[in-house]
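Q: Below is one structure. I have some questions about it.
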Amino acid sequence: MKTLAAGAVIGIIGGGQLARMMAMAAARLGFKTIVLSPEENCPAAQTANRHIIADYADHEALDALAAACDVITYEFENIPATAMDYLAQQAVVHPSPAALEIAQDRFNEKQFLHETGIATAPWRPVHDRETLIAALAACGGSGILKTRRFGYDGKGQVRLQSIDEETANAALAAINHAPAIMEGVVDFAFEISVIAARDMTGHVAFFDIPQNSHEDGILRRSIVPAALDTATVQAAQAAVQAIAHALNYTGVMAVEFFVGKDGALYANEIAPRVHNSGHWTEAACVISQFEQHIRAISGLPLGNPQRHHDCEMENLIGHDVEKLPALLAEPDIFVHLYGKNQVREGRKMGHITRLKR
């Protein structure tokens, strides 16, 4: 693929806040964007040049997107892999559908990490009550039952401390008997994510590593830099570089890790896209993760990911957005609201980044 010139068109599958911020970054570099999303008034429609309102599996809409775009990307994992495969037959797609297929299925993801030589929490596949009971025992007697697909922000998960037939039946019913894995509990000190970009030549650039905290399964805040020694930073980055090369990846990706109390790293999830824990880069870096992704998929050189401030990013979840007047009165604060009309509990409405001086 040639380097895209100003005026080229980038297609984005998905219309949420990540697509919104990618469209904004693309515009700064002179590109136009088209988003495809079934939601009529989606956040990305407010910043893109065009919005195709259609289901992700609508071949007619996918054909129209492919015909209009020079390259196509996506903002989240819960897109039918068949749709991305269909697009890839007639358009340039970055990251590749193969990366999506691995990341959107936890069984495939864990197998891939094992084959790449990257440690994870203990895990087992779950098909029914008997395999669930056996899996929990194999994982040390406590763990989290997770659907193989479509779970995020704590959805599609059931934590189990012990099990019998009745508990097993209830846990399986809670996930609608979907194919699942059991993941053992790691005694970790904290969580981090490594956000990296890989360009078409194989060059990889890393942003500084944030330390993340969650509430009710949803990211609450990311603090940069994380409390890591140099050896742990290098080990985490080496693992992500191995993942990116194994996938022949193009674009920004994030890999979440548990950091054990002994300093060991356990990969948790691969996100083949820009990531919530990287939103701080809008305020604390010259080149944000969103611009870095657009640069990578358009063939432009990657930017310098160095941060110019330590910072803390906090998600505005649900009615947190009502704190806006007070937040705007704070010094050294960056605010980004996502343009969502309806406030709901657990819904990400925006984020703030506080710069530390």
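The values are calculated or read from the model by the stated rules, or taken from the named source; none is laboratory data. In this text, all values refer to a predicted model and were calculated from it rather than measured experimentally. Please note: Cβ atoms are built from the backbone with ideal geometry, for glycine as well, and neighbour counts cover all protein chains shown. When the accessible area is computed, the model is the full protein with side chains, heavy atoms only, and any ligands, DNA or RNA have been set aside. Shrake-Rupley method; radii C 1.70, N 1.55, O 1.52, S 1.80 Å.
Q: Using Cα springs under 10 Å in a Gaussian network model of the chain, which residue among ASP208, ASP187, ASP70 shows the largest mean-square fluctuation?
A: Of ASP208, ASP187, ASP70, the most mobile in the Gaussian network model is ASP187.
Q: Give the long-range amide H neighbours of ARG220: residues separated by 5 or more places, or on another chain, with amide H under 5 Å away, using H modelled in the peptide plane at 1.01 Å from N.
A: SER213, HIS214, GLU215
Q: Cut-off under 22 Å on the C-alpha distance; same-chain residues fewer than 8 positions from LYS2 excluded. Which lysines are left, in chain and number order?
A: Partners found: LYS32.
Q: With label points built 7 Å along Cα→Cβ from the Cα atoms of ILE53 and LYS261, find their separation and express it in nm.
A: 5.4 nm
Q: Moving on to the next point. May I ask you to give the solvent-accessible area per residue for segment 9-93, in square angstrom, as obtained with a 1.4 angstrom probe?
A: On a per-residue basis, segment 9-93 sits at 38 Å².
Q: Continuing with the same structure: Tell me the trypsin sites (Lys or Arg not before Pro) within segment 1-85 that lie in a loop according to DSSP and have at most 13 other beta-carbon atoms within 10 Å.
A: Sparse-neighbourhood loop trypsin sites (Lys or Arg not before Pro): LYS2.
Q: Residues of segment 188-356: accessible area per residue at 1.4 Å, in Å²?
A: Averaged over the residues of segment 188-356, the accessible area is 38 Å².
Q: By the scheme Lys and Arg +1, Asp and Glu -1, what is the net charge of all other residues having a beta-carbon under 14 Å from that of PRO97?
A: Taking every Cβ under 14 Å from that of PRO97, the sum is -3.
Q: Give me the 1.4 Å probe accessible area per residue for segment 122-184, excluding ligands and nucleic acids, in Å².
A: Roughly 52 Å² per residue, with all protein chains present.
Q: Can you list which of the trypsin sites (Lys or Arg not before Pro) found in segment 197-284 are DSSP loop residues with at most 11 other C-beta atoms within 10 Å?
A: LYS261
Q: Whenever you get a sec, line up ASP128, ASP262 from highest to lowest accessible area (probe 1.4 Å, protein heavy atoms).
A: Heavy-atom accessible area, descending, gives ASP262, ASP128.
Q: For segment 62-99 and segment 127-147, what is the centre-to-centre distance using only Cα atoms, to the nearest Å?
A: For segment 62-99 versus segment 127-147, the Cα centre distance is 35 Å.
Q: Alpha carbon centre of segment 258-294 versus segment 1-60: separation in Å?
A: 22 Å
Q: Provide the solvent-accessible area of SER288, counting protein heavy atoms only and rolling a 1.4 Å probe, rounded to the nearest 10 Å².
A: Result for SER288: roughly 20 Å² accessible.
Q: Okay, next question. Taking a spot 7 Å from the Cα of GLN306 along the direction of its beta carbon, which residues of segment 186-218 have an amide N less than 19 Å from it?
A: Inside the label zone: 195-197, 204-210.
Q: May I ask for the net charge around ALA267, where only other residues with Cβ less than 13 Å from the Cβ of ALA267 are counted and Lys, Arg are +1 while Asp, Glu are -1?
A: With Lys, Arg at +1 and Asp, Glu at -1, the net is -4.
Q: Something else now. Report, to the nearest 10°, how far helix 106-115 tilts away from the longest principal axis of the Cα atoms in the chain, using its own Cα long axis and a range of 0 to 90°.
A: In the chain, helix 106-115 runs at an angle near 90 degrees to the longest axis.
Q: Report the Cα centroid-to-centroid distance between segment 192-235 and segment 326-357 in angstrom, as an integer.
A: The two parts, judged by their Cα centres, are 21 Å apart.
Q: (i) 1.13; (ii) 0.96; (iii) 1.02: which one is Rg/Rh (Cα atoms, Kirkwood Rh) as calculated from this entry?
A: (ii)
Q: Percent of accessible area on segment 9-93 owned by carbon and sulfur, 1.4 Å probe?
A: 47 percent
Q: At 1.4 Å probe size, with the rest of the protein present, what percent of the exposed accessible area of segment 185-263 is carbon and sulfur atoms?
A: Carbon with sulfur: 48 percent of the solvent-accessible area.
Q: Could you name the lysines whose alpha carbon sits less than 18 Å from that of LYS146, not counting residues in the same chain fewer than 8 places away?
A: The qualifying lysines are LYS110, LYS155.
Q: To the nearest 10 degrees, how steep is helix 59-68 against the longest Cα principal axis of the chain, on a 0 to 90 scale?
A: It is inclined by approximately 40 degrees.
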